[in-house]
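Asks: Following this message is one structure expressed as structure tokens.
Here, each number is a calculation from the coordinates, and none is a lab measurement. Computed from a prediction, not measured in an experiment: that's the story for all the values here. Methodologically, a virtual Cβ is constructed for each residue, glycine included, from the backbone with ideal geometry; neighbour enumeration extends over all protein chains shown.
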Amino acid sequence: MSFHVVDLFHKGGAFMWPLLALSVISLALIVERLLFFAKHRYRVGDSLEALQQAQRAPQMLGDPPNPLLRMGQTFLQAATGGEEHCRNLSERESSRWVNRHERGLRILSVIGSISPLVGLLGTVWGMVKAFAQISELGDKVTPADFAGGIWTGLLTTVAGLLVAIPAVTACRLFEARIDKLVHDFNEVASHLHEWCFSIPKEPS
């Protein structure tokens with residue numbers, strides 16, 4: 001028995017179409033997030049070094065794609081306003097960047113959750129149709145009639161899992177990356193606070 005993707009898709013029935021739509025949305029989100037994370041990648045050590053060099057003139061950083069530099073730049077520019085002012089502005093900037101990194105992940109998580117359910121629904125519907133056919137055939141039913149209806153129905157479960165597994169995996173990896181970003185924001189903010197407010201300044 002040969003298995004061709006197009007033939008399997010059509011054998012799966014109407015429930016394959018919503019699964020196809022979910023797979024396209026999931027793939028688009030994963031690719032978009034990969035490009036976004038690649039564009040805004042950073043190194044904590046390099047970011048701290050750049051911020052330390054720009055401590056007296058944060059405008060020299062320009063408009064960097066590095067989220068740590070953007071938060072640090074906001075902190076340094078607000079340093080003259082006092083410790084509380086710095087903390088508030090840097091927390092807002094950090095929150096904005098975290099929200100930008102989280103964009104689309106909720107949709108990806110939903111796709112990972114509902115795809116197996118859509119596949120299961122298609123399988124149950126396929127079994128309902130198989131048993132209905134068996135009921136109509138009565139004594140003339142053969143094992144082939146029963147098996148054919150079941151394996152056709154199971155195709156939607158397979159398709160649902162094929163959509164869900166990459167979506168859930170990608171979502172968890174992106175979430176882990178965001179958790180690291182939050183940790184790195186806190187680390188950089190701690191260094192900035194120490195440089196600006198904790199280290200005693202030398203008398204002029």
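Asks: Calculate how steeply helix 16-39 sits against the longest principal axis of the alpha-carbon atoms of the chain, using the helix alpha-carbon long axis, and give the answer as 0 to 90 degrees to the nearest 10.
Replies: 20
Asks: Under 8 Å for C-alpha pairs, at least 6 residues apart: give me the relative contact order for segment 1-149, rounded to a whole percent. Display every interim value, and only then the final one.
Replies: Values: 80 pairs, mean separation 33.9, N = 149.
23 percent.
Asks: Using only Cα atoms and rounding to the nearest 10 degrees, what angle (0 to 90) does helix 67-77 make with the longest principal axis of the chain?
Replies: Roughly 30 degrees, rounded to the nearest 10.
Asks: Here is a follow-up. If you look for lysine pairs in the chain that are eight or more places apart or on different chains, how many of them have Cα atoms under 24 Å apart?
Replies: Numbers: Lys11/Lys129; Lys11/Lys140; Lys39/Lys180; Lys129/Lys140.
Lysine pairs meeting the criterion: 4.
Asks: Continuing with this model, one more query. How far is helix 105-137 tilted, in degrees, relative to the longest principal axis of the Cα atoms in the chain, given as a value from 0 to 90 rounded to the nearest 10?
Replies: The angle comes out near 0 degrees.
Asks: Hey, with R₀ at 41 Å, roughly what FRET efficiency would His85 and Ile165 work out to, going by the Cβ-Cβ distance, to 0.05?
Replies: Numbers: r = 47 Å, r/R0 = 1.14.
Calculated value: 0.30.
Asks: Can I ask one more? Remind me, relative contact order of segment 26-90 in percent, using alpha carbon pairs under 8 angstrom and six or more residues apart? Walk me through the intermediate numbers first.
Replies: On the way: 43 pairs, mean separation 16.0, N = 65.
So the answer I get is 25 percent.
Asks: While we're here: Taking all pairs of different Cα atoms in the chain, averaging 1/r and flipping that mean, what Kirkwood radius in angstroms comes out?
Replies: Values: mean 1/r = 0.0479 Å⁻¹.
With all distinct Cα pairs of the chain included, I get 20.9 Å.
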